[in-house]
Every structure is written in C-alpha cells, then in structure tokens.
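Okay, so here's the structure we're looking at.
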Amino acid sequence: MLHYKDVLKRSDVDAVVIATPVSTHYAIAKQALEAGKHVLIEKPITDKVSEAEDLIESSERLGLTLMVDHTLIYKGAVRKIKEIIDSGTLGDIYYFDAVRVNLGLFQQDVNVLWDLAPHDLSVMDYLIDKQPIAVAAVGSSHFHSHIENIAYLTVKYENNLLGHIHVNWLAPTKTRLTIIGGSKKMIVLDDMEISEKVKIYDCSVSMGEGKEGMFKARVQYRTGDIWIPKWDQTDAMKVECGHFLECIREGKQPITDGIRGLKVVRILEAAERSVKKDGMMIKL
C-alpha cells in the first residue's frame, strides 16, 4: 500500500484529501502544505485551536488552498435557508436549535461532541454568521468509559441570540432536525426528509403593552401558512468537490475555509472545558 508521504513527494499530485482520525489531521495537513499541495480536510480541521491557526498561517504563507469538509453547507437545502435568512424573511434571528442523535457509532478517540456537533456548528456559523461570545456544555459517559456519549451544547451570541445543539449516540432513532426561530417567521430543516426538507412557518410572537404597563402586557400569537421552498438537489459532495477545484484553479477563498474550521474547533475546545467544569459558561 502506498504511504501518504510517498504521495506528497509526487510532482503529478497538486491536491490531497485528508480523511483520517482527527488526531492525525494536523501533522498530515502540515506536511501536505509544506510539500506544496492544496488540502481538503475532513471535519473538524484539527483537535486544537493552535494547530488550526498554524495550518491557516501555513496555507496563506504558501499561497495554497485550505478547505474543510463541512459538507452540509454545500447541501441545496442549507444554501436555500441561507438565502432566505439573508433576504430578511425571518426577521431578527432569536435561536438556532439542532438535534443530531442516533444509536452509535461509538468512537474510540473522540467524544460525541467532537464526532457529531461539527456538522451543526458549521451550519450555525454559516447561517448566523456572527461571532459567539460564550459556550457552555454538559455531557455524560456510560459503560465505564471516560468518553461522553450524550451532550448538550449552548452557544451565546449578542442580542440574546442562542444556539443549542443536542448530540447523542444512545438514541433509539436517527434524528437530524434543526429549528431556526425569527421575529417574523421560523424554519424547520428535517434532513431525514427526502423532498420536503425545508419548511417555512409564517408564525411569530409579539408583545403588546397593556394600559397598566408591562405587568399587564398582552402576548399576541400569529400563525399563518407553511411554505415549502424548492432547493437545488445536486449531491452536496459533488458541489463541494467542484468548489474545491474551482478555488484551486481560480485562487478563490473557499466557503468552508480554514477560518470556518477554526471557529468550529474554538467552540468545541471551549465546550470540552465546560463539560469538565460541570457546564460552566466559558467566554470566548
């Protein structure tokens, strides 16, 4: 079998894809960049913030493409939601709530946060596109293992915007559900659906002040139609690979560049510290 170091020595190889355990990402990617290869690396980009920062610096110094495999961002359904949010249809975003649970697969080298949460963290970062200010997480491990198999992660943003992610290897069913609440409308993304993945709910809540002040405030609820938009159903991996090649050929910055990967690792690293401190809020 050909060793990866032999591949990096070949002059007819311009780019490599790294799909190995996360603990090996940094060393292999660093060697690939130093060998002059463009890199597409599986998520998360590394398991340490300092290593992700070093890969970003190396790629910029060497003028090479560094892209992270945040595949969900290249799904047509997610890109459609981004378009809807950017249009102002939802109004002010109040929360991002995601559930990613299933039975297994138990990992030996990383806990459930590092295994499953990068999917939703990358989507949350892409859709909300704001800097988080604090992270808190709790988790539990079973079967005489120190590796958490259930976890709840909360990310705080300014203006009372909250992100919440539930990940679990011990669920009886496979669920991939995201709810995004806005001041005007709300979106549900059910990735287990085949055709109706995205639903926009024309509903909202408003607070009307009563004559005797806020203690007598009236909560008003508005419910309207449900809209199922059309979205591009091209395979996400095909879109992602095409984007990687385009970035290499034209010198473009990838949508899921090293900076996007770093932001996910920064939250995961803070979440790890929070879990060890029984859910303490960690400022970023």
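The values are calculated or read from the model by the stated rules, or taken from the named source; none is laboratory data. Since we're looking at a predicted model, the values are computed, not measured. As a convention, Cβ positions derive from the backbone with ideal geometry for all residues, glycine included, and neighbour counts pool all protein chains shown.
A few points about this structure:
- Pairs where the first residue, in the range 162-180, is closer than 22 Å to Cys203 by Cα and modelled with pLDDT of 95 or more and the second is part of a strand (DSSP E or B) and among the aromatic types (Phe, Trp, Tyr), C-beta under 6 Å, 6+ apart: Leu162/Tyr95; Gly163/Phe96; Ile180/Phe96
Quick grid of which residues meet (1) over 14 Å from Phe96 (Cβ atoms); (2) of a type outside the set (A, V, I, L, M); (3) not assigned by TED's automatic domain parsing to the domain that holds Ile85:
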site	(1), (2), (3)
Asn149	yes, yes, no
Asn160	no, yes, no
Leu170	yes, no, no
Lys174	yes, yes, no
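- Strands (runs of 3 or more DSSP E) fully within the range 127-243 counting 1 or more residues that are within 30 Å of Val110 (Cα to Cα): 134-140, 150-156, 162-168, 170-182, 186-190
- Residue check, Lys37 of a type in the set (D, E, K, R) and assigned by TED's automatic domain parsing to the domain that holds Gln108: no
- Any hit, the range 93-100, residues being in contact (Cβ under 8 Å) with a residue 40 or more places away in the chain and outside the structural domain of Ile180 (by TED's automatic domain parsing): no
- Filter pass, Glu269 being farther than 23 Å from His164 by Cβ and among the charged types (D, E, K, R): no
- In summary, strands (runs of 3 or more DSSP E) completely within the range 1-78 and bearing 3 or more residues that are buried (at least 19 other Cβ atoms within 10 Å of the Cβ) and on the phi < 0 side of the Ramachandran plot occur at 38-42, 66-69.
- Pair list, Cβ under 6 Å, 6 or more apart: the range 1-13 residue outside the structural domain of Gly36 (by TED's automatic domain parsing), other residue part of a helix (DSSP H, G or I) and of a type in the set (Phe, Trp, Tyr): none
- Criterion (under 21 Å from Gly261 (Cβ atoms) and free of Cβ contacts under 8 Å to residues at least 60 places away in the same chain) met by exactly one of Tyr157, Tyr152, Tyr126: Tyr157
- Condition met for Ala134 (among the small types (Gly, Ala, Ser), more than 19 Å from Ile180 (Cβ to Cβ) and either assigned by TED's automatic domain parsing to the domain that holds Leu189 or more than 13 Å from the chain's Cα centre (by Cα) (or both)): yes
- Test: residue in the range 217-226 that is closer than 20 Å to Ala98 by Cβ, out of contact with any His (no Cβ under 6 Å at 6 or more places or on another chain) and of a type outside the set (Val, Ile, Thr): no
- There is at least one residue in the range 190-210 that is over 21 Å from Asp97 (Cα atoms), acidic (Asp, Glu) and modelled with pLDDT under 95.
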